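Have a look at the structure below before the remarks.
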Amino acid sequence: MQFVIFSSLSLLTIVIVFFFGQSLENSYNEKALDLKVTTVENQCTMIANQIVSVNFLINDTTNSVSTQIDQLAVSLGGRIVVINKNYRILKDTYTGYQGKYFMSRDILRIMKGSKDKIITYPDGYMELMLPIVYENSRSEEVQGVIIATISMDELLATKNEIRMQRMLLSVAFIIIGVTLAAFISIFLTRDFKKVNKSLKYIAMGHEDELIEEVGYTELKELVKMFNSILSKMQKLEDSRQEFVSNVSHELKTPMTSMKVLADSLLAQEGMPEEAYREFLTDIVAEIDRENDIITDLLSLVKMDKKAAKLDIKATSVNELLEVILKRLKPLAQKRNIEIIFESFRPVTAEIDQVKLSLAFNNLIENAIKYNKDDGWIRVSLNADHKYFYVKVSDSGVGIPEDCQDQVFERFYRVDKARSRKTGGTGLGLAITRNAVLVHKGAIKLYSVEGEGTTFTVRIPLSYHA
Ligand code: ADP
């Protein structure tokens, strides 16, 4: 980038200096030539008027005009020739052609009455021809021609000098421009280099670092965006680490219990059989719990938003819920909890049956687990043209407001002791939420502590990948 900025700015300077200098030089040269032509023309016009006034063309012995012509030729550094109507040279300041005859196409044109001046540039010279016009009251008559031939050497010398000066100035400007381009390119890329250095450092494994906010607005915005991505990544990494430590802890707890139980059996000899049975029953319960946690963890991994492979089939949601309720009814009956199922219409949706079954199962099982004895559960199903809605309400213990956001997090439990007693792993709602999200649905919860909880789930009727 530094090189691109430097080379484009340098190129721009060179182009501007070249074209600007060239056009300035051209216009100066044109002006200088114009000035020369005007001067010569004015002087010659003056002489032509003199010639007319003293009748030089008719009476060529008038010396005062002749001297004036000589002086003019000297002052212009050139040659002046005066020709009369008969093409005879009346005056030639350079050679002794006086009295001879001279004619050319241009002279003929002027003699025939063209009043315009004629300028030609035979190599290295400028030749100006002007008519000598006699005016009387009736007409104007061309009586002769005055020709001034002036060397262009002086003009050429000036031209060369100007070119030299232009060259020197151009070189000076280009040096200044290129130096400036170098400074600007270094200045503009300095912050980029800083950011680049920070990024390299982060890429080397220091993901917990942020980039220093440097530079001008655009770069600053970019750095801000990058920092926010880094922060998100850091949060993700933190939650991953927390998850791993939670998993280890949760898996270790039943192991520790089992070890304690087995150790105490080994420590005492001659224990009665009932004691063995009791301890082993406890060990089996811990094994079951370990198994539950592993099963839930596997479900959670399978339900991962990105990795989930869905087996989408048109399914009757009414039937799906009925099967779940039938399976869970005995659990509810044990505590005399009434389950009411309200289905407003038959609903068929494109869903992954296994994953959503697990989700609804968790919600209804929780409604039983965290209910009061003799309580009730209401499960309702409704749909519109786009979504179906499942609502699970219970008359249970409720979820305190400050915990409502966290209950969907992995291993989060409001009351650890209660959850453990009921066989909870703290993964149920995380699995449910993931299952709903992979179906591009939404889940919400409303709860008042001590009164009950309602979970509402909204899932699109047709699945679009
Ligand atoms: P668990 O396996 O502990 O039930 P979940 O992820 O299913 O884990 O639920 C997380 C926590 O949310 C539970 O421990 C419980 O404290 C709370 N919870 C879930 N559902 C309900 C409910 N219907 N009523 C009250 N609390 C609930």
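General observations
- In segment 382-405, the residues that are over 17 Å from Thr432 (Cα atoms) and in a helix (DSSP H, G or I) reach residues that are within 16 Å of the ligand (Cβ to nearest atom) and of a type in the set (Asp, Glu) with C-beta atoms within less than 9 angstrom, at least six apart or across chains, in these pairs: Glu401/Glu449.
- Phe455 vs. criteria within 8 Å of the ligand (Cβ to nearest atom), assigned by TED's automatic domain parsing to the domain that holds Gln333 and either modelled with pLDDT of 95 or more or farther than 18 Å from Asp296 by Cα (or both): yes
- On inspection, Ile132 fails the criterion of being in the same structural domain as Glu41 (by TED's automatic domain parsing), in a strand (DSSP E or B), modelled with pLDDT of 85 or more and touching a Leu at 6+ places or on another chain (Cβ under 6 Å).
- Scanning segment 302-314 for residues that are loosely packed, with under 12 Cβ neighbours inside 10 Å and either of a type in the set (Ser, Thr, Tyr) or modelled with pLDDT under 85 (or both) turns up Asp304, Lys305, Lys306, Ala307, Lys309.
- Lys444 vs. criteria more than 11 Å from the ligand (Cβ to nearest atom), in a loop (DSSP other than H, G, I, E, B), without any contact (Cβ under 8 Å) to a residue 40 or more places away in the chain and assigned by TED's automatic domain parsing to the domain that holds Lys355: no
- The single condition from (1) hydrophobic (A, V, I, L, M, F, W, C); (2) free of Cβ contacts under 8 Å to residues at least 60 places away in the same chain; (3) in contact with a strand residue (DSSP E or B) (Cβ under 8 Å, 6 or more places away or on another chain) that Met164 fails is (3).
- Scanning segment 406-429 for residues that are in a helix (DSSP H, G or I), of a type outside the set (A, V, I, L, M) and near the ligand (Cβ under 9 Å from one of its atoms) yields Gln406, Phe408, Lys416, Arg418, Ser419, Arg420, Gly428.
- Flag if Thr432 is near the ligand (Cβ under 8 Å from one of its atoms), assigned to a helix (DSSP H, G or I), within 17 Å of Ile293 (Cα to Cα) and in contact (Cβ under 8 Å) with a residue 60 or more places away in the chain: yes
- 3 or more residues within 16 Å of the ligand (Cβ to nearest atom) and in contact with a Lys or Arg (Cβ under 8 Å, 6 or more places away or on another chain): qualifying strands (runs of 3 or more DSSP E) within segment 306-376: none
- Scanning segment 131-161 for residues that are among the polar types (S, T, N, Q) and without any contact (Cβ under 8 Å) to a residue 60 or more places away in the chain returns Asn136, Ser137, Ser139, Asn160.
- Filter pass, Ile83 being within 17 Å of Thr45 (Cα to Cα) and either among the hydrophobic types (A, V, I, L, M, F, W, C) or at pLDDT below 85 (or both): yes
- Residues satisfying the stated conditions in segment 390-405, i.e. closer than 29 Å to Pro346 by Cα and either within 8 Å of the ligand (Cβ to nearest atom) or among the acidic types (Asp, Glu) (or both): Val392, Asp394, Gly396
- Any hit, segment 240-250, residues being assigned to a loop (DSSP other than H, G, I, E, B) and either farther than 30 Å from Leu11 by Cβ or among the acidic types (Asp, Glu) (or both): no
The values are calculated or read from the model by the stated rules, or taken from the named source; none is laboratory data. Please read all numbers here as calculations on a predicted model, not as lab measurements. As a convention, Cβ positions derive from the backbone with ideal geometry for all residues, glycine included, and neighbour counts pool all protein chains shown.
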